[in-house]
């Protein structure tokens, strides 16, 4: 079975086209090497797949005949993604929190001056 079709069958991508594009971008690797979408997958292969800033690592257990339901996905793959990958996205979420709340609007003159004061701390006048 093709890599893009396998990723679609086990519900990691919504369409086969998205799986094909991921392979073209180099987001899909088998055994540490980037693969084309037409590469065949066999039981025992380890696939690394980058999606939403997380590198998922899955082990192929069996090949489905067609797209399977969400409850049956675990019959065809074993997720061996380290927990640190998910914890890292949590940290990313917190690091994106700015001093301004979302939807407050553009920075005011005072905000701009504060930013300039902060960025010019290392400069000497």
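The values are calculated or read from the model by the stated rules, or taken from the named source; none is laboratory data. Model, not experiment: these values are computed from the prediction. Cβ sites come from the backbone with ideal geometry, for glycine too, and all protein chains shown count toward neighbours.
Hey, can you tell me all the residues within the stretch 16-41 that are more than 20 Å from residue 68 (Cβ to Cβ), within 17 Å of the chain's Cα centre (by Cα) and without any contact (Cβ under 8 Å) to a residue 24 or more places away in the chain?
Within the stretch 16-41, 21, 23, 24, 25, 26, 29, 32, 34 meet the criteria.
Failed condition for residue 79, given (1) buried (at least 17 other Cβ atoms within 10 Å of the Cβ); (2) touching a strand residue (DSSP E or B) at 6+ places or on another chain (Cβ under 6 Å), with all others met?
Unmet for residue 79, out of (1) buried (at least 17 other Cβ atoms within 10 Å of the Cβ); (2) touching a strand residue (DSSP E or B) at 6+ places or on another chain (Cβ under 6 Å): (1).
Which condition number does residue 86 fail, the rest of (1) out of contact with any strand residue (DSSP E or B) (no Cβ under 8 Å at 6 or more places or on another chain); (2) part of a helix (DSSP H, G or I); (3) surrounded by fewer than 12 Cβ atoms within 10 Å (Cβ to Cβ) being met?
Looking at each condition in turn, residue 86 falls short on (1).
Among the residues of the stretch 1-19, which ones are farther than 20 Å from residue 75 by Cα, out of contact with any strand residue (DSSP E or B) (no Cβ under 9 Å at 6 or more places or on another chain) and surrounded by 14 or more Cβ atoms within 10 Å (Cβ to Cβ)? Working first, answer last.
Initially, the stretch 1-19 is screened for residues farther than 20 Å from residue 75 by Cα, giving 15-19.
Keeping just the survivors that are out of contact with any strand residue (DSSP E or B) (no Cβ under 9 Å at 6 or more places or on another chain) gives 15, 17-18.
Listed by number, the list holds a single entry, 18.
Within the stretch 42-55, track down each residue that is surrounded by 12 or more Cβ atoms within 10 Å (Cβ to Cβ), within 15 Å of the chain's Cα centre (by Cα) and either part of a loop (DSSP other than H, G, I, E, B) or at pLDDT 90 or above (or both). Full working, then the answer.
Start the filter on the stretch 42-55 by keeping residues that are surrounded by 12 or more Cβ atoms within 10 Å (Cβ to Cβ), which leaves 45-51, 54-55.
Those left that are additionally within 15 Å of the chain's Cα centre (by Cα): 47-51, 54-55.
47, 48 - these are the residues of the stretch 42-55 that are surrounded by 12 or more Cβ atoms within 10 Å (Cβ to Cβ), within 15 Å of the chain's Cα centre (by Cα) and either part of a loop (DSSP other than H, G, I, E, B) or at pLDDT 90 or above (or both).
Can you run down the residue pairs with Cβ atoms below 8 Å, 6 or more apart or on separate chains, where the first is in the stretch 95-122 and on the phi < 0 side of the Ramachandran plot and at pLDDT 80 or above and the partner is surrounded by 10 or more Cβ atoms within 10 Å (Cβ to Cβ) and assigned to a loop (DSSP other than H, G, I, E, B)?
Here the result reads 111/100; 115/107, each pair linking the stretch 95-122 to a residue that is surrounded by 10 or more Cβ atoms within 10 Å (Cβ to Cβ) and assigned to a loop (DSSP other than H, G, I, E, B).
How about the stretch 1-38: which of its residues are out of contact with any helix residue (DSSP H, G or I) (no Cβ under 9 Å at 6 or more places or on another chain) and assigned to a loop (DSSP other than H, G, I, E, B)?
26, 31, 32
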